[in-house]
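For reference, the structure discussed in these notes is given below.
The values are calculated or read from the model by the stated rules, or taken from the named source; none is laboratory data. Model, not experiment: these values are computed from the prediction. Don't worry about glycine lacking a Cβ; one is built from the backbone with ideal geometry, like all the others, and counts go over all protein chains shown. The area values use the complete protein model at the heavy-atom level, side chains included, leaving out ligands, DNA and RNA. Shrake-Rupley method; radii C 1.70, N 1.55, O 1.52, S 1.80 Å.
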Amino acid sequence: MNTKTAIITGTNGSIGNAAAKELKNENYFVIGIDIHKKSINNKNVDIYLSIDLCKIYTDTIYRDKKLYEIKKSLPENSVDLLINNAAFQVVKDLKSIKKDDVEKVFAINTFAPFILIQGLYNELTFSSGKVINIGSIHSRLTKKGFSIYASSKSALRMITKSLALELGSDISILSIEPSAISTPMLLDGLKNKAHLNKLKKYHPTNSIGTPEEIAKLISLLGKYNSKFLNGSILNFDGGIGSLLHNPES
């Protein structure tokens, strides 16, 4: 029997799919959201909705329609967990960045989470729900070529912190900020096994994170009832956020 409802964006990606599977195993009623017409793994979601998160920012009619679809899908008109996981990354130098790049990255990574929190405010309040934003280590530490992506994740961090002040005890809002996670996107860019091993060694844990580990953390946060965690930013980075790298080493 499903006792709680979770909404997860980006369920066709590795982290979103792992989160859906974990929460489904915890007897959540899982509503999966992604841009694709079909879910890649139907058994991990109870309802799958095809939603263009970029379009819910740019088109108010589309936004209202999709928010209605989400609300109509809720079993009991309440949301216990909203996981803002979907993300879009552009890696380009300053001269190569186009207007469309900026708009798409911020629409999906920053504005869509805000719109979903705003649009589902009553449903989240009804169940004293939690919002978990999946941020990035790039909100505080970054690399060349990540200016737009890092800026969008920094904005998401401040949405988490500022809404924690505004929403008080009605809704808890948290953020998980991972570093390297073994997703297909990361692994495709590191097809040379030596580069992957080097990346692992950069992390003090001598490892990179997995989608399943993030999913388990999401599940734990869902169970944790103390409102005093509200506004927290959880680093999920294998300790690399504390590393000052010496180029000679």
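Give me the dipole magnitude in Debye, nearest 20, for the range 67-169 about the Cα centre, with unit charges on the beta carbon: positive for Lys and Arg, negative for Asp and Glu.
Value, rounded to 20: 620 debye.
On a full-extension model of 0.36 nm per residue, what is the gain between residue 126 and residue 60, subtracting their alpha-carbon distance, rounded to one decimal in nm?
In short, 21.3 nm is gained.
According to a simple spin-label model (label point 7 Å from Cα along Cα-to-Cβ), what is the distance in nm between residue 210 and residue 72?
3.9 nm
Name the residue, out of 81, 67, 196, whose mean-square fluctuation peaks in a Gaussian network model built on the chain with Cα pairs under 10 Å.
The residue with the greatest mean-square fluctuation here is 196.
Between residue 114 and residue 233, what is the label-to-label distance in nm when each label sits 7 Å out along the Cα-to-Cβ direction?
Those two pseudo-labels are separated by 1.7 nm.
Rg(Cα) of the range 1-145 divided by 2.2 N^0.38 Å?
For the range 1-145, the normalised Cα radius of gyration comes out at 1.07.
Please express the Cα-Cα pair-distance distribution P(r) of the chain as a list of whole percents, one per 10 Å bin, running from 0 to the bin with the greatest distance.
The percentages, shortest bin first, are 7, 31, 38, 19, 5, 0.
Picking from 209, 96, 84, whose Cα lies most toward the positive end of the charge dipole for the chain (charges on Cβ: Lys, Arg +1; Asp, Glu -1)?
96
Over all directions, how big on average is the projection of the convex hull of the alpha-carbon atoms in the range 141-245, in square nanometres?
Quarter of the Cα hull surface area: 7.8 nm².
If you restrict to DSSP beta bridges whose two residues both lie in the chain, what percentage is antiparallel, to the nearest 5?
Taking every DSSP beta bridge within the chain, about 0 percent pair in antiparallel fashion.
Helix check for the chain. Which DSSP H runs span at least 15 Å along their own axis by Cα, with a mean Kyte-Doolittle hydropathy no less than 0.0?
Going by DSSP H runs, the hits are 147-167, 211-223.
Could you tell me the relative contact order of the range 1-91? Use alpha-carbon pairs under 8 Å, at least six residues apart, and round to a whole percent.
Contact order relative to length: 34 percent.
Can you give the accessible area of residue 34 in Å² (nearest 10), computed on protein heavy atoms with a 1.4 Å probe?
Result for residue 34: roughly 20 Å² accessible.
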